[in-house]
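Reviewing the structure listed below.
The values are calculated or read from the model by the stated rules, or taken from the named source; none is laboratory data. Values in this document were obtained by computation on a predicted structure and should not be read as measured data. Glycine also receives a Cβ, built like all others from the backbone with ideal geometry; neighbour counts cover every protein chain displayed. Accessible surface areas use protein heavy atoms only, side chains included; no ligands, DNA or RNA. Shrake-Rupley method; radii C 1.70, N 1.55, O 1.52, S 1.80 Å.
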Amino acid sequence: MQLADGGAIAFDEALWVTEAAAAPWLAETGLALDANGFVETDEYLRSPSDAAVFAAGDIAAMCGHPRDKAGVYAVRAGPPLAENLRRALADRPLKSAVPQRQALALIGTGDGRAVASRGVFAAEGAWLWRLKQGIDRRWMRGYSEFAAMSVDDAMRCGGCAAKVPAEVLRQVMTRLAPVPARPSRSAPATTRR
Ligand SMILES: Cc1cc2nc3c(=O)[nH]c(=O)nc-3n(C[C@H](O)[C@H](O)[C@H](O)COP(=O)(O)OP(=O)(O)OC[C@H]3O[C@@H](n4cnc5c(N)ncnc54)[C@H](O)[C@@H]3O)c2cc1C
């Protein structure tokens, strides 16, 4: 590998690992950005340059509380973001949303083991891979298996069927009487779509 300063490094395998970069279009928004081009926020996830703009996750950089660009922070910012959006709309005081300082990092090493680190602590082993698998699988199940809702629960969204868990939808559908088939109109087959 040839370096910018003229040096060279020999290698067998190169792992090119970069950190997240900010989207270039953010520079055109006029929002206050940090030195790396991410949207600056205060501790309430609100832009200091536009009170109507909130940011969370990778795109955001909370002043005075820098964090890695990692899903764990992005996901955990969701509830406080929703809460503060509601509060802002209702003209109520916002709640501090400073994220936790550290998070557990688990990296699989491809041999049934994983390396874990949190702050200054580190460990490795097969049990950590099993832990990572458990966490990842539980997360993915969250997209396909939903907590059962009572059929009688009022739907807050007004009944968008796409958001109804499959089991609830099945229960509702089995209650419905089948609609008799309508007689088809006599149109030439060639004009039907
Ligand atoms: C390969 C890889 C592996 C990772 N593994 C892990 C991990 O194991 N654990 C972990 O904690 N984190 C991991 N991360 C980091 C994690 O994915 C991010 O921190 C997280 O997804 C950030 O969530 P977000 O909602 O802020 O942004 P994103 O998930 O990036 O969502 C932003 C969305 O906005 C959309 N978008 C962008 N520009 C526009 C636009 N102009 N108009 C409309 N939509 C737009 C994008 O398409 C995207 O869907 C990984 C990241 C990568 C790339």
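For the reader, a short list of remarks on this structure follows.
- Of Tyr73, Tyr143, Tyr44, the residue with the largest accessible area leads and the full order is Tyr143, Tyr44, Tyr73 (1.4 Å probe).
- Only protein heavy atoms count here; under a 1.4 Å probe, Thr109 has an accessible surface of about 70 Å².
- Each Lys and Arg Cβ is given +1 and each Asp and Glu Cβ -1; about its Cα centre, the chain then shows a dipole of about 1480 debye.
- Global geometry of the chain, whether rounded, prolate or oblate, following the gyration tensor of its Cα atoms and the 1.5 cut on a/c: prolate
- Protein heavy-atom accessible surface, 1.4 Å probe, per residue over the range 7-102: 68 Å².
- Taking only protein heavy atoms and a 1.4 Å probe, the accessible area of the chain is 56% carbon and sulfur.
- Where Ser117, Ser96 fall by accessible area, highest first, once all protein chains stay in place (1.4 Å): Ser96, Ser117
- For the range 104-143, the calculated P(r), taken from all Cα-Cα distances in 10 Å bins from zero up to the bin holding the longest distance, is 33, 49, 18, 1 percent.
- Working note: Debye formula, equal point scatterers on the alpha-carbon atoms of the range 7-102, no solvent; log10 I(q)/I(0) at q = 0.12, 0.20, 0.23 Å⁻¹ is -0.44, -0.96, -1.20.
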